[in-house]
Structure formats: C-alpha cells, structure tokens
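K.L.:
Please read through the structure below; I'll follow up with questions.
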Amino acid sequence: MPGKSIHKPEYKVLLALLTEMRDKADLKQAQLAERLERPQSYVSDVERGVRRLDLLQLQEYCQACGQDLVAFVRKFDKATRA
C-alpha cells in the first residue's frame, strides 16, 4: 500500500507553491486568513502541512490570493513533472 501523500515530495512542492502564491499576492498570513474568514493559524497550518485542503478550500485559497485554480494546478503539475 502506498504511503500517505503528505510524505511524498510532491506534497512539499504543493506547500511551497501555496506559500509562494500568498507571497506573490503580497499577503501576510493574517491578511489571507482575514480574506478566508479564518484564524491566522489556519493559514499557518495549511502552509506547514498540518492541515490539508480539499478542492473547494484550495479554490477559496486561490481566489483569496487572486490566482486562478486551474492555473495553480497547472503550475503544480509542471513543477512535479520536472
């Protein structure tokens, strides 16, 4: 049986891309959390890999950063194929 996805190198890529997206949007964790109507700890937990996002949450995260979900997924796909 394959290991959990959180232990795969691709998961680290995902976390890095989430942080990069927030940084490029020029948002601090607290600012993004406010847009998401969540506590700052939510964003911190996501970026550290403590909390996982489902597709709808990822879409909200992207929208709050001004990023298109499909563009984000394409970037993730390209990064993990390299």
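The values are calculated or read from the model by the stated rules, or taken from the named source; none is laboratory data. Because the structure is a prediction, the values reported are computed rather than measured. We place every Cβ from the backbone using ideal geometry, glycine too, and count neighbours over all the protein chains shown. Surface accessibility is based on the protein's heavy atoms, side chains included, excluding ligands, DNA and RNA. Shrake-Rupley method; radii C 1.70, N 1.55, O 1.52, S 1.80 Å.
K.L.:
In region 43-72, which residues are of a type in the set (A, V, I, L, M) and open to solvent by 70 Å² or more (accessible area, probe 1.4 Å)?
P.N.:
V50, L55, L56, V70
Here is a yes/no grid of residues against (1) at pLDDT below 95; (2) touching a Lys or Arg at 6+ places or on another chain (Cβ under 8 Å):
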{"residue": "G3", "(1), (2)": "yes, no"}
{"residue": "K8", "(1), (2)": "yes, no"}
{"residue": "E20", "(1), (2)": "no, no"}
{"residue": "Q31", "(1), (2)": "no, no"}
{"residue": "Y42", "(1), (2)": "no, yes"}
{"residue": "A71", "(1), (2)": "no, no"}
{"residue": "D77", "(1), (2)": "no, no"}
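K.L.:
Going residue by residue through region 23-38, is there one that turns out to be within 10 Å of the chain's Cα centre (by Cα) and in a helix (DSSP H, G or I)?
P.N.:
Checked against the condition, which is being within 10 Å of the chain's Cα centre (by Cα) and in a helix (DSSP H, G or I), region 23-38 yields no hits at all.
K.L.:
Okay, moving on. Suppose we filter region 14-36 for residues that are under 19 Å from R81 (Cα atoms) and surrounded by fewer than 17 Cβ atoms within 10 Å (Cβ to Cβ); how many remain?
P.N.:
Qualifying residue count, region 14-36: 3.
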